[in-house]
1. Given (1) within 17 Å of residue 158 (Cα to Cα); (2) touching a helix residue (DSSP H, G or I) at 6+ places or on another chain (Cβ under 8 Å); (3) free of Cβ contacts under 8 Å to residues at least 40 places away in the same chain, where does residue 32 come up short, assuming only one miss?
2. Scan the stretch 142-173 residue by residue and report those that are surrounded by fewer than 23 Cβ atoms within 10 Å (Cβ to Cβ) and in contact with a helix residue (DSSP H, G or I) (Cβ under 8 Å, 6 or more places away or on another chain).
3. Return only the number of the condition from (1) buried (at least 18 other Cβ atoms within 10 Å of the Cβ); (2) within 16 Å of the ligand (Cβ to nearest atom) that residue 43 does not satisfy.
4. Taking the stretch 79-121, which residues are more than 10 Å from the chain's Cα centre (by Cα), more than 18 Å from residue 157 (Cα to Cα) and buried (at least 24 other Cβ atoms within 10 Å of the Cβ)?
5. Which of the strands (runs of 3 or more DSSP E) contained wholly in the stretch 129-227 include at least 2 residues that are more than 10 Å from the ligand (Cβ to nearest atom) and closer than 19 Å to residue 105 by Cβ?
6. Among (1) crowded, with 20+ Cβ neighbours inside 10 Å; (2) out of contact with any helix residue (DSSP H, G or I) (no Cβ under 7 Å at 6 or more places or on another chain); (3) closer than 16 Å to residue 82 by Cα, there is one condition residue 186 misses while meeting the rest; what is its number?
7. Restricting the first residue to the stretch 205-227 and requiring it to be at negative phi, which pairs with a second residue that is modelled with pLDDT under 80 meet a Cβ separation below 7 Å and a spacing of at least six or different chains?
Ligand code: SAH
(Lines give C-alpha, C1' and ligand atoms only; values in the text may rest on other atoms or scores of the structure.)
Protein backbone atom coordinates (compact mmCIF):
# COMPACT_ATOMS: atom_id res chain seq x y z
CA UNK A 1 0.00 0.00 0.00
CA UNK A 2 2.81 2.42 0.81
CA UNK A 3 4.71 3.73 -2.22
CA UNK A 4 8.45 3.85 -1.36
CA UNK A 5 8.93 6.92 -3.52
CA UNK A 6 7.39 8.84 -0.65
CA UNK A 7 9.09 7.08 2.28
CA UNK A 8 11.67 9.81 2.83
CA UNK A 9 9.06 12.61 2.61
CA UNK A 10 6.92 10.74 5.12
CA UNK A 11 9.84 10.38 7.56
CA UNK A 12 10.57 14.10 7.27
CA UNK A 13 6.93 14.90 7.97
CA UNK A 14 7.00 12.81 11.15
CA UNK A 15 10.02 14.80 12.38
CA UNK A 16 8.27 18.08 11.60
CA UNK A 17 5.16 17.02 13.49
CA UNK A 18 7.33 16.02 16.46
CA UNK A 19 9.02 19.42 16.43
CA UNK A 20 5.72 21.27 16.21
CA UNK A 21 4.28 19.15 19.03
CA UNK A 22 7.19 20.26 21.24
CA UNK A 23 6.75 23.93 20.29
CA UNK A 24 2.98 23.94 20.91
CA UNK A 25 3.21 22.13 24.26
CA UNK A 26 2.37 25.32 26.22
CA UNK A 27 -1.00 25.31 24.41
CA UNK A 28 -1.85 21.65 24.13
CA UNK A 29 -0.19 20.34 27.29
CA UNK A 30 1.31 17.55 25.18
CA UNK A 31 4.98 17.83 24.21
CA UNK A 32 4.80 14.66 22.17
CA UNK A 33 2.02 12.61 20.72
CA UNK A 34 1.30 8.97 21.47
CA UNK A 35 3.58 6.56 19.55
CA UNK A 36 0.48 4.84 18.14
CA UNK A 37 -0.74 8.17 16.70
CA UNK A 38 2.62 8.89 15.08
CA UNK A 39 2.79 5.32 13.74
CA UNK A 40 -0.67 5.74 12.21
CA UNK A 41 0.39 8.93 10.45
CA UNK A 42 3.56 7.20 9.26
CA UNK A 43 1.45 4.39 7.77
CA UNK A 44 -1.28 6.31 5.95
CA UNK A 45 -0.24 7.12 2.35
CA UNK A 46 -1.21 10.79 2.24
CA UNK A 47 -0.27 11.06 -1.46
CA UNK A 48 -3.27 8.81 -2.21
CA UNK A 49 -5.62 11.41 -0.75
CA UNK A 50 -4.60 14.44 -2.82
CA UNK A 51 -4.97 15.30 -6.51
CA UNK A 52 -2.26 13.77 -8.70
CA UNK A 53 -0.99 17.30 -9.39
CA UNK A 54 -0.36 17.78 -5.64
CA UNK A 55 1.33 14.45 -5.02
CA UNK A 56 4.83 15.88 -4.81
CA UNK A 57 3.79 18.13 -1.94
CA UNK A 58 1.46 15.62 -0.28
CA UNK A 59 3.82 15.29 2.69
CA UNK A 60 4.40 19.02 3.23
CA UNK A 61 3.16 20.00 6.68
CA UNK A 62 0.39 22.18 5.28
CA UNK A 63 -3.25 21.93 4.26
CA UNK A 64 -3.96 21.08 0.61
CA UNK A 65 -7.01 21.68 -1.63
CA UNK A 66 -9.31 18.68 -2.18
CA UNK A 67 -11.92 20.42 -4.39
CA UNK A 68 -15.32 21.97 -3.54
CA UNK A 69 -13.45 24.78 -1.74
CA UNK A 70 -12.42 22.27 0.93
CA UNK A 71 -9.01 21.33 2.24
CA UNK A 72 -7.33 18.30 3.73
CA UNK A 73 -6.06 19.48 7.12
CA UNK A 74 -2.39 20.13 7.84
CA UNK A 75 -0.76 16.89 9.07
CA UNK A 76 0.25 18.43 12.42
CA UNK A 77 -3.41 19.37 13.00
CA UNK A 78 -4.52 15.83 12.13
CA UNK A 79 -1.92 14.55 14.60
CA UNK A 80 -2.82 16.87 17.48
CA UNK A 81 -6.57 16.32 17.06
CA UNK A 82 -6.11 12.55 16.88
CA UNK A 83 -3.86 12.60 19.94
CA UNK A 84 -6.38 14.66 21.93
CA UNK A 85 -9.04 12.02 21.19
CA UNK A 86 -7.04 9.45 23.24
CA UNK A 87 -8.32 6.54 21.15
CA UNK A 88 -8.16 3.02 22.59
CA UNK A 89 -8.04 0.06 20.16
CA UNK A 90 -11.62 -1.02 20.90
CA UNK A 91 -13.09 2.46 20.41
CA UNK A 92 -15.84 3.55 18.04
CA UNK A 93 -15.21 7.03 16.70
CA UNK A 94 -17.43 9.50 14.83
CA UNK A 95 -15.89 12.01 12.45
CA UNK A 96 -17.80 15.00 11.08
CA UNK A 97 -16.43 16.15 7.71
CA UNK A 98 -14.99 13.19 5.78
CA UNK A 99 -13.44 15.37 3.08
CA UNK A 100 -10.94 13.20 1.21
CA UNK A 101 -10.93 10.57 3.96
CA UNK A 102 -7.38 11.16 5.20
CA UNK A 103 -8.31 11.85 8.83
CA UNK A 104 -10.71 8.88 8.68
CA UNK A 105 -7.84 6.63 7.57
CA UNK A 106 -5.67 7.81 10.48
CA UNK A 107 -8.56 7.12 12.86
CA UNK A 108 -9.14 3.71 11.26
CA UNK A 109 -5.54 2.74 12.08
CA UNK A 110 -6.26 3.35 15.78
CA UNK A 111 -9.93 2.63 16.46
CA UNK A 112 -12.11 -0.44 16.04
CA UNK A 113 -14.71 1.36 13.95
CA UNK A 114 -14.94 4.78 12.35
CA UNK A 115 -18.17 6.46 11.29
CA UNK A 116 -17.82 9.59 9.17
CA UNK A 117 -20.45 12.06 7.98
CA UNK A 118 -19.89 14.33 4.96
CA UNK A 119 -22.28 16.92 3.58
CA UNK A 120 -20.89 17.00 0.01
CA UNK A 121 -22.03 13.78 -1.77
CA UNK A 122 -19.20 13.68 -4.34
CA UNK A 123 -16.56 14.02 -1.59
CA UNK A 124 -18.22 11.23 0.40
CA UNK A 125 -18.36 8.94 -2.65
CA UNK A 126 -14.71 9.57 -3.56
CA UNK A 127 -13.55 9.02 0.02
CA UNK A 128 -15.52 5.79 0.30
CA UNK A 129 -14.01 4.44 -2.94
CA UNK A 130 -10.50 5.52 -1.92
CA UNK A 131 -10.64 3.99 1.57
CA UNK A 132 -11.90 0.68 0.18
CA UNK A 133 -9.15 0.69 -2.46
CA UNK A 134 -6.55 1.29 0.27
CA UNK A 135 -7.90 -1.62 2.30
CA UNK A 136 -9.70 0.21 5.13
CA UNK A 137 -12.63 -2.00 6.06
CA UNK A 138 -13.62 -0.37 9.36
CA UNK A 139 -14.82 3.00 8.03
CA UNK A 140 -18.47 3.77 7.25
CA UNK A 141 -19.35 7.01 5.49
CA UNK A 142 -22.76 8.65 5.33
CA UNK A 143 -23.87 11.69 3.33
CA UNK A 144 -25.69 14.09 5.60
CA UNK A 145 -25.59 17.01 7.94
CA UNK A 146 -22.90 16.59 10.56
CA UNK A 147 -24.95 18.62 13.04
CA UNK A 148 -27.12 15.50 13.38
CA UNK A 149 -24.18 13.18 14.09
CA UNK A 150 -25.02 9.53 13.45
CA UNK A 151 -27.55 8.59 16.17
CA UNK A 152 -28.00 4.99 14.93
CA UNK A 153 -24.41 4.21 15.93
CA UNK A 154 -24.24 6.31 19.11
CA UNK A 155 -22.90 6.47 21.73
CA UNK A 156 -19.33 7.04 20.58
CA UNK A 157 -16.09 6.84 22.54
CA UNK A 158 -14.75 9.79 20.56
CA UNK A 159 -16.10 12.45 18.20
CA UNK A 160 -13.86 14.60 16.01
CA UNK A 161 -15.15 17.55 14.01
CA UNK A 162 -13.01 18.82 11.13
CA UNK A 163 -14.89 22.00 10.26
CA UNK A 164 -15.83 24.76 12.69
CA UNK A 165 -19.35 25.35 14.04
CA UNK A 166 -20.09 28.58 15.94
CA UNK A 167 -20.80 26.56 19.09
CA UNK A 168 -20.71 22.92 20.20
CA UNK A 169 -23.68 21.16 18.55
CA UNK A 170 -25.99 19.65 21.21
CA UNK A 171 -26.64 16.49 19.23
CA UNK A 172 -22.93 15.68 19.03
CA UNK A 173 -22.52 16.13 22.77
CA UNK A 174 -25.54 13.86 23.27
CA UNK A 175 -23.96 11.11 21.17
CA UNK A 176 -20.85 10.83 23.37
CA UNK A 177 -20.76 8.09 25.98
CA UNK A 178 -19.82 9.07 29.55
CA UNK A 179 -16.00 9.25 29.51
CA UNK A 180 -16.08 9.95 25.76
CA UNK A 181 -14.00 12.72 24.19
CA UNK A 182 -15.01 15.41 21.70
CA UNK A 183 -12.32 17.31 19.78
CA UNK A 184 -13.76 20.28 17.93
CA UNK A 185 -12.79 23.71 16.57
CA UNK A 186 -15.34 26.33 17.62
CA UNK A 187 -15.75 29.87 16.36
CA UNK A 188 -17.62 32.14 13.99
CA UNK A 189 -16.63 31.96 10.31
CA UNK A 190 -13.77 34.34 9.60
CA UNK A 191 -12.82 34.69 13.25
CA UNK A 192 -10.09 32.90 15.15
CA UNK A 193 -11.38 29.54 16.24
CA UNK A 194 -10.35 27.61 19.29
CA UNK A 195 -9.75 23.89 19.29
CA UNK A 196 -11.47 22.35 22.32
CA UNK A 197 -11.05 18.97 23.96
CA UNK A 198 -14.30 18.12 25.70
CA UNK A 199 -15.14 15.14 27.84
CA UNK A 200 -18.48 13.82 29.01
CA UNK A 201 -18.55 13.15 32.74
CA UNK A 202 -20.42 10.26 34.34
CA UNK A 203 -23.35 12.57 35.14
CA UNK A 204 -23.62 13.64 31.50
CA UNK A 205 -22.03 17.10 31.84
CA UNK A 206 -19.54 18.28 29.22
CA UNK A 207 -16.17 19.61 30.38
CA UNK A 208 -14.39 21.89 27.93
CA UNK A 209 -10.69 22.66 27.66
CA UNK A 210 -9.30 25.19 25.16
CA UNK A 211 -6.28 23.66 23.44
CA UNK A 212 -5.09 25.61 20.41
CA UNK A 213 -6.06 28.54 18.17
CA UNK A 214 -6.83 27.09 14.72
CA UNK A 215 -8.25 28.02 11.30
CA UNK A 216 -10.84 25.63 9.87
CA UNK A 217 -13.45 26.01 7.16
CA UNK A 218 -16.83 26.78 8.70
CA UNK A 219 -19.21 23.89 9.32
CA UNK A 220 -22.07 24.48 6.92
CA UNK A 221 -25.67 24.08 7.99
CA UNK A 222 -26.96 21.55 5.43
CA UNK A 223 -30.69 21.94 5.88
CA UNK A 224 -33.27 24.51 6.93
CA UNK A 225 -33.69 22.76 10.29
CA UNK A 226 -30.25 23.88 11.42
CA UNK A 227 -29.98 27.37 12.87
N1 SAH B 1 -11.25 15.43 7.65
C2 SAH B 1 -11.07 15.87 6.27
C3 SAH B 1 -10.92 17.38 6.17
C4 SAH B 1 -12.16 17.90 5.82
S5 SAH B 1 -12.35 19.63 5.47
C6 SAH B 1 -9.94 15.21 5.59
O7 SAH B 1 -9.17 14.49 6.23
O8 SAH B 1 -9.81 15.39 4.37
C9 SAH B 1 -13.96 19.80 6.19
C10 SAH B 1 -15.03 18.91 5.61
O11 SAH B 1 -16.20 19.13 6.37
C12 SAH B 1 -15.39 19.21 4.17
O13 SAH B 1 -15.31 18.04 3.41
C14 SAH B 1 -16.81 19.75 4.26
O15 SAH B 1 -17.59 19.44 3.12
C16 SAH B 1 -17.30 19.06 5.51
N17 SAH B 1 -18.43 19.71 6.17
C18 SAH B 1 -18.66 21.04 6.35
N19 SAH B 1 -19.80 21.23 6.99
C20 SAH B 1 -20.34 20.01 7.23
C21 SAH B 1 -21.55 19.54 7.86
N22 SAH B 1 -22.45 20.37 8.37
N23 SAH B 1 -21.76 18.21 7.92
C24 SAH B 1 -20.86 17.33 7.41
N25 SAH B 1 -19.72 17.71 6.80
C26 SAH B 1 -19.46 19.03 6.71
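The values are calculated or read from the model by the stated rules, or taken from the named source; none is laboratory data. Note that this is a predicted model, so its numbers are computed, not measured. Here the Cβ positions follow ideal geometry from the backbone for every residue, glycine too, while neighbour counts run over all protein chains shown.
1. Residue 32 satisfies all of (1) within 17 Å of residue 158 (Cα to Cα); (2) touching a helix residue (DSSP H, G or I) at 6+ places or on another chain (Cβ under 8 Å); (3) free of Cβ contacts under 8 Å to residues at least 40 places away in the same chain except (1).
2. Residues satisfying the conditions are 142, 143, 147, 148, 151, 154, 163, 171.
3. (1)
4. Across the stretch 79-121, the qualifying residues are 100, 118.
5. 139-143, 156-161
6. So residue 186 meets the others, but not (3).
7. Final answer for the pair search is 218/189.
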